[in-house]
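Data first, discussion second: the structure below is written as structure tokens.
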Amino acid sequence: MNSHHWLNYYQSNKESRLEPKWNLPSPLPRGLQDLLAHSLSHFQLGETGEGKFLIAQAQAEVPDDLIYHEALRLFVAEEQEHARLLERLVQRFGGTIIQNHWTHSLFRLVRRALGFKFEIQLLVIAELVGTAYYRLMHARTRDPVVEEMCVLILNDEARHVEFHADWFGAYLSRLLPMEMALWRTQFQFLFIAAACVAWFDHRAALSASGADRTEFFADARRECICFLRQLELQANAAPCDRSSRSSVACRRR
Ligand SMILES: [Fe+2]
Ligand SMILES: [Fe+2]
């Protein structure tokens, strides 16, 4: 994994970010604003968190890659920036920020249960599903401030997915084809479950914005397919290093 590249990316991405024009009045009807505020507040909660658990797990999993730990800290900071943007938008629609929701509690419980790789995997799945949500919001909601915020978040999320794909590509390149197939299968099961939960939770806001179930799942599936292709390319591009210490020692004897 090219940790230096990602650290540079996150450092430069902090600079000169545009700020949506929060003071522009919304052209959307009151009822739709209420639905959006409710839906966005759930995403806002999902973007909060200090990432202490994630970073502690990374330090245990890859103790030598200090640059990766730092890149991961900046990744968490970028998610916190998304939480700030979403909070502003929820407030603009007259909604309130929430502290707890069952989807958030379930997600946090599951992602912490099975170690670092599993946690990163669930973060990627949330980003793939979130990308479908923000893309539909951007396309369907006729509100320039929503569009501006979605562009900011979509740009970041595309790079977050690449960042995690870089890490997973290196990991998957060490798996046997059969293990790789099993990993891909369980990933897709989790992805489908997460997409169903997201649709259930956000269907009212998405439907009222003009998006339907078919469109949401088609978009989310496309994201998942692209991610899996990207992983395959990265895993296949990894150099095939057969010169382990033991084989060198064997040849010398
Ligand atoms: Fe995010
Ligand atoms: Fe993200």
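Observations
- Top-ranked residue of the stretch 141-158 - restricted to ones that are in contact (Cβ under 8 Å) with a residue 24 or more places away in the chain and surrounded by fewer than 17 Cβ atoms within 10 Å (Cβ to Cβ), ranked as nearest to ligand 1 (Cβ to nearest atom): A158
- Answer residue from the stretch 159-175, given it is of a type in the set (G, A, S) and in a helix (DSSP H, G or I) and is farthest from ligand 1 (Cβ to nearest atom) among those: A170
- The residue that is farthest from A198 (Cα to Cα), counting only those in the stretch 120-159 that are among the basic types (K, R) and within 15 Å of ligand 2 (Cβ to nearest atom), is R159.
- The residue of the stretch 65-86 that is farthest from ligand 1 (Cβ to nearest atom), among those that are farther than 16 Å from F116 by Cα and among the hydrophobic types (A, V, I, L, M, F, W, C), is I67.
- Among the residues of the stretch 66-82, the one identified as of a type in the set (G, A, S) and buried (at least 18 other Cβ atoms within 10 Å of the Cβ) is A71.
- Filter result for G31 (within 30 Å of G210 (Cα to Cα) and surrounded by fewer than 19 Cβ atoms within 10 Å (Cβ to Cβ)): yes
- Residue list for the stretch 99-119, restricted to those being assigned to a helix (DSSP H, G or I) and away from ligand 1 (no atom under 16 Å from the Cβ): W102, S105, L106, L109, V110, R112, A113, G115, F116, K117, F118
- Considering residues of the stretch 45-60 that are over 13 Å from the mean Cα position of the chain (by Cα) and not small (G, A, S) only, the residue modelled with the lowest pLDDT: E50
The values are calculated or read from the model by the stated rules, or taken from the named source; none is laboratory data. Predicted, not measured: the structure shown is a model, and the values here were computed from it. Cβ atoms come from the backbone with ideal geometry, glycine included; neighbour counts cover every protein chain shown.
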